[in-house]
Amino acid sequence: MAQHWKLETDSAGVAWLCIDKADAKANVLSSGVIAELGEIMDGLEASPPAGLVMYSGKPGSFIMGADITEFGDFGSAAEVTRLGKMAQGLFLRIRNLPCATVVAVNGVCLGGGLEISMMFDYRIGPESDKKIFGLPEVKLGLHPGFGGTVRAVQLCGVREGMQLMLTGNPVNARKALRIGLIDRIAGDDTWREVATKLIATKPPLAKAPMMDRILALAPFRPLVRNMLIKQVASKARKDHYPAPYAMIDLWARHGASSKTGYDAEAESFGKMMSTDTSRNLIRVFFLQGKLKKQGNKTDKKIGHVHVVGAGVMGGDIAAWCALRGHTVTLQDREQKYIDPAMERAQKLFAKRVRDDAQRAETAGRLRSDVEGTGAAEADLVIEAIYENLEAKQELYKALQAKMKPGALLATNTSSIRLEELRTVLNEPTRFIGLHFFNPVAMLPLVEVIRCADTDQEAMDIGFAFTKGIGKFPLECSSAPGFVVNRILAPYMGEAMELAQEGVPLVAIDKAAEKFGMPMGPVELADSVGLDVGLHVSKVLGAAMNRPVPEALAKMVDEGLLGRKSGQGYYKWEDGKAVKPPGNGGPVPDDIEDRLILPMVNEAVACLNDGVVADAELLDAGVIFGTGFAPFRGGPLNYARERGIDSVVAALEALASRYGDRFLPNSGWSDL
């Protein structure tokens, strides 16, 4: 008897097939689910029904995709190819049934869930604006392997089908209908009726738009291929992320052919599954889950958030909290300091909330509060004023007199230890750090900071709040620079050393980008603000006995602050750095190690010092907080893959050549 499927045949001879994975909150295509489907197909082929309708037994959710937890069991590329062909063959058996087939999608339909759906004659989507239809395999270093590279293009055409796969971004039902991914939209109370009518209709031969069929002709494919490669190359290097290039190559060679496309897809899928990129990106996927599991469940709910400090960080934290459903009050000394933050908030809401009524509702959750009356109503107060110990402490004295019992106070400090800040508090053990990163709307990490004696309940509230606003929390002990700033500091510092030696700025950035960093350190310094960088350098320099770069201090004195002033290391126009063409001079052959290994060494130091207790969480935090090349799996994972002894030897060689700043941390021996 099937565990995961239920098959019923109605009086008209139509088979209704329900997927409802046993003992699971969501449907995934595990090996057990697929095996049972094979047995069901045996019966349907032996005695074909008048029609077949597939649906989900999970409310609001269809199929999340393949069971990623099984990916590590797949073995060699040849074994993965064999499994891919088996799944393709099973799904094609649905397509080849001699009756009309309909799939009713009621919610999230990703990866293998969409691939099986595309094999049906008709696809019904739900009445929802949620983006639920997608082929996100590229985000795991893969491409669809159960027939998706063929069917997505056959149904939607190369233009829409390839975008769906190359970006990995899902679409809502309305767009899915427009591009040919689904055929109907129906509500919870009407989809059965719609499905019954479609079963009685002769299945159409799904065709891509005429222009796409022309573009798929052999003479035109090289032109489209070059355009797609140019698009992908602007965002990802082939040696870092081979999967999107493999997808383009599959289409260019086979044109989504049913005769040759499926086998070619399976062969390519096997190769992609065997790459370091895929292995590390799958690891990062699981690390996200580990970040989310931090903390214990808490009954304390955060409804109202009060933010003090309407600068770039405070204002953007307030806007993000309102976007994510919280009532938010934003306080500063005068209204003129709050107004720019409110303007930025409106731009964020306009970009993220398309529905006019919902956008107005979102904007209504955020209000100016010069007097600070919201502090008395708030469940969480976040301090985000400038980095000055005395100023923060004076603010805390005033806030704790207003805050209601049980409310939580948090600081967004980027550099001051919590032990110093909390000395004026009546309840110092309930004080935590919530360190966001700029830009708040883009960077997914929040460092949740604790002291040795911080109440666990306060931390649990911090974890729950962070996850509730769609961010990844990283538990850190209070220490200079915490994790992200501490690890970035030697990377940025070495970039400035290279610049002082006369190495062209563009060459420095290119070396980091070649390694896989999303932005070079020179451009990053300009983007963050050289004044901010100088402040962090002073704080960490004092704590770790590191010199503050003289050139940086001089530039700040001269008002050259980077993007915000229009001139830093680079000139900035319309928010973009103007970089000179070419490298412009000699580049040392060890430039990559000089930039990257100090970060890796500092990550080991963070682990050794107990700033983060778990090596995997540290890797995750550095990836999501600094943008450290995700396909490398984090700094510690990179060191293991390269070889611990090899990295230590490289650091020792750099130390002998350039100075003690490269000396390996004592924690390497524990790895």
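The values are calculated or read from the model by the stated rules, or taken from the named source; none is laboratory data. Remember, predicted model here, so these are calculated numbers, not experimental data. Note that we place each Cβ from the backbone using ideal geometry, even for glycine, and neighbour counts take in every protein chain shown.
The set of residues in region 425-464 being touching a Lys or Arg at 6+ places or on another chain (Cβ under 8 Å), more than 19 Å from His304 (Cβ to Cβ) and among the aromatic types (Phe, Trp, Tyr) is empty.
With the requirement that a residue be of a type outside the set (A, V, I, L, M) and under 11 Å from Leu17 (Cα atoms), what does region 35-57 give you? It would help to see each step written out before you state the result.
So in region 35-57, the residues of a type outside the set (A, V, I, L, M) come out as 36, 38-39, 42-43, 45, 47-49, 51, 55-57.
Matches in region 35-57: Gly51, Tyr55, Ser56, Gly57.
Residues that are of a type in the set (A, V, I, L, M), within 26 Å of Asn438 (Cβ to Cβ) and either without any contact (Cβ under 8 Å) to a residue 24 or more places away in the chain or part of a helix (DSSP H, G or I) (or both) within region 608-646 comprise Leu617, Leu618, Ala620, Val622, Ile623, Leu636, listed in sequence order.
Which one of these is farther than 19 Å from Gln500 by Cβ, surrounded by 15 or more Cβ atoms within 10 Å (Cβ to Cβ), of a type in the set (Val, Ile, Thr) and at pLDDT below 90: Val536, Val532? Break it down stepwise before answering.
Numbers: Val536 fails: farther than 19 Å from Gln500 by Cβ.
Being farther than 19 Å from Gln500 by Cβ, surrounded by 15 or more Cβ atoms within 10 Å (Cβ to Cβ), of a type in the set (Val, Ile, Thr) and at pLDDT below 90 holds for just one of Val536, Val532, which is Val532.
What are the pairs with Cβ atoms under 7 angstrom where one residue, in region 66-79, is in a loop (DSSP other than H, G, I, E, B) and the other, located anywhere, is of a type outside the set (Ser, Thr, Tyr)? Sequence gap at least six, or different chains. Hits for this filter: Asp67/Val28; Asp67/Leu29; Phe74/Val80; Phe74/Leu83; Phe74/Met273.
Can you name every residue in region 193-212 that is in a helix (DSSP H, G or I) and either touching a residue at least 40 places away in the same chain (Cβ under 8 Å) or buried (at least 19 other Cβ atoms within 10 Å of the Cβ) (or both)? Listed by number, the residues that qualify are Val194, Ala195, Thr196, Leu198, Ile199, Met211, Asp212.
When the helices (runs of 4 or more DSSP H) confined to region 250-345 are screened for residues that are under 30 Å from Val381 (Cβ atoms) and either touching a strand residue (DSSP E or B) at 6+ places or on another chain (Cβ under 7 Å) or in contact (Cβ under 8 Å) with a residue 12 or more places away in the chain (or both), those reaching at least 1 such residues are found at 276-292, 312-323.
Looking at Thr362, Thr327, Thr298, which one is among the polar types (S, T, N, Q) and over 30 Å from Ala620 (Cβ atoms)? Only one candidate passes the filter, namely Thr327. Selection of region 27-62 for residues being closer than 13 Å to Lys6 by Cβ and either among the small types (Gly, Ala, Ser) or not assigned by TED's automatic domain parsing to the domain that holds Cys109 (or both) yields Ser56, Gly57. Within region 29-56, being in contact (Cβ under 8 Å) with a residue 40 or more places away in the chain and either among the acidic types (Asp, Glu) or assigned to a loop (DSSP other than H, G, I, E, B) (or both) holds for Ser30, Glu45, Pro48, Pro49, Ala50. Can you find, within region 1-35, the residue that is surrounded by the fewest Cβ atoms within 10 Å (Cβ to Cβ) among those that are under 13 Å from Met54 (Cβ atoms) and more than 33 Å from the chain's Cα centre (by Cα)? Out of the qualifying residues, it is Glu8.
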